[in-house]
Amino acid sequence: MIELFSYTACRQLSEFIVAIIFFHVSEYLLAVCTHGRSTVTLKSLLISKNYVMAMMCSLLEYWVEITYFPKLKEHWWISNLGLVLVVIGEAIRKGAMITAGRAFTHLIKIHQEEHHRLVSHGIYGFVRHPGYCGFFIWSVGTQIMLLNPICTPVFAVVVWKFFSERIPYEEFYLRQFFDDEYDEYAQRVPSGVPFVKASKPQENKNLSAKAGEMEMFTFF
């Protein structure tokens, strides 16, 4: 148990906790600044039961490994790489929120509103879904930072699967809102999530039956 109070554990767990707190608090505050306090709920903290369970599993893995395999956690160059990924992921996601302004929402919009516009400048000129790209990098980075060999690939697969299903549904509505303008944009700019390509317009009919299912989903 002494390993939990070692320099390695204190530093890595501190970085992990700070990363978690900063991500969720800044997510909520940016939403409030962008959309106004009256329209933002605690759901903008992006904390769900599944998410809490995932983070608890990552901490459980860390505890087991730091207790019984402490040398596993001493690969500092890998841990520092994870920290760099966390910072990069945060920068990409928050950059997306700031660039998109009111067009960035935590729930998929199924009805076009007056302020909706196709954002294709800034970071959106490089990836179509920088918010998802940033979260993917951030979430995997937290596990690399903890040197969790089990949770790292598990987080990568789970988050990737979530976005690989969410992106087509979201793009279904974006095509309804912006028509050919979005098609041209989607073909020109990658999604930002590995191996997730733009759905073809003819696939819209297959997506329409399920698109509404994603409206109330947040991460995990």
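Quick check on His106: is it buried (at least 17 other Cβ atoms within 10 Å of the Cβ) and at negative phi? Yes, satisfied. With respect to Arg175, is the statement that it is open to solvent by 40 Å² or more (accessible area, probe 1.4 Å), of a type in the set (Lys, Arg) and modelled with pLDDT under 95 true? Judged against the criteria, Arg175 is not a match.
Among the residues here, Ser38 qualifies as over 19 Å from Ala91 (Cβ atoms), free of Cβ contacts under 8 Å to residues at least 60 places away in the same chain and either among the charged types (D, E, K, R) or open to solvent by 80 Å² or more (accessible area, probe 1.4 Å) (or both).
Against the numbered list (1) touching an Asp or Glu at 6+ places or on another chain (Cβ under 8 Å); (2) under 21 Å from Pro194 (Cα atoms); (3) among the aliphatic types (A, V, I, L, M); (4) open to solvent by less than 30 Å² (accessible area, probe 1.4 Å), Leu147 comes up short only at (2). I'm checking my understanding of the structure. Among residues of the range 24-83 that are in a helix (DSSP H, G or I) and among the aromatic types (Phe, Trp, Tyr), which one is farthest from the chain's Cα centre (by Cα)? Looking at residues that are in a helix (DSSP H, G or I) and among the aromatic types (Phe, Trp, Tyr), I get Tyr68. Could we say that Leu72 is open to solvent by 40 Å² or more (accessible area, probe 1.4 Å), touching a helix residue (DSSP H, G or I) at 6+ places or on another chain (Cβ under 8 Å), closer than 12 Å to Met145 by Cβ and not aromatic (Phe, Trp, Tyr) here? No, not satisfied.
Does the range 12-21 include one or more residues that are within 27 Å of Ile108 (Cβ to Cβ), among the hydrophobic types (A, V, I, L, M, F, W, C), exposed (fewer than 13 other Cβ atoms within 10 Å of the Cβ) and modelled with pLDDT of 95 or more? Looking for residues that are within 27 Å of Ile108 (Cβ to Cβ), among the hydrophobic types (A, V, I, L, M, F, W, C), exposed (fewer than 13 other Cβ atoms within 10 Å of the Cβ) and modelled with pLDDT of 95 or more, one finds at least one in the range 12-21, hence yes. In the set (1) open to solvent by less than 80 Å² (accessible area, probe 1.4 Å); (2) out of contact with any Cys (no Cβ under 7 Å at 6 or more places or on another chain), Ile92 fails one condition alone, (2).
The values are calculated or read from the model by the stated rules, or taken from the named source; none is laboratory data. The shown structure was predicted, so the numbers you read here are calculated from the model rather than taken from an experiment. We place every Cβ from the backbone using ideal geometry, glycine too, and count neighbours over all the protein chains shown. Surface areas here come from the heavy atoms of the whole protein model, side chains and all, with no ligands, DNA or RNA. Shrake-Rupley method; radii C 1.70, N 1.55, O 1.52, S 1.80 Å.
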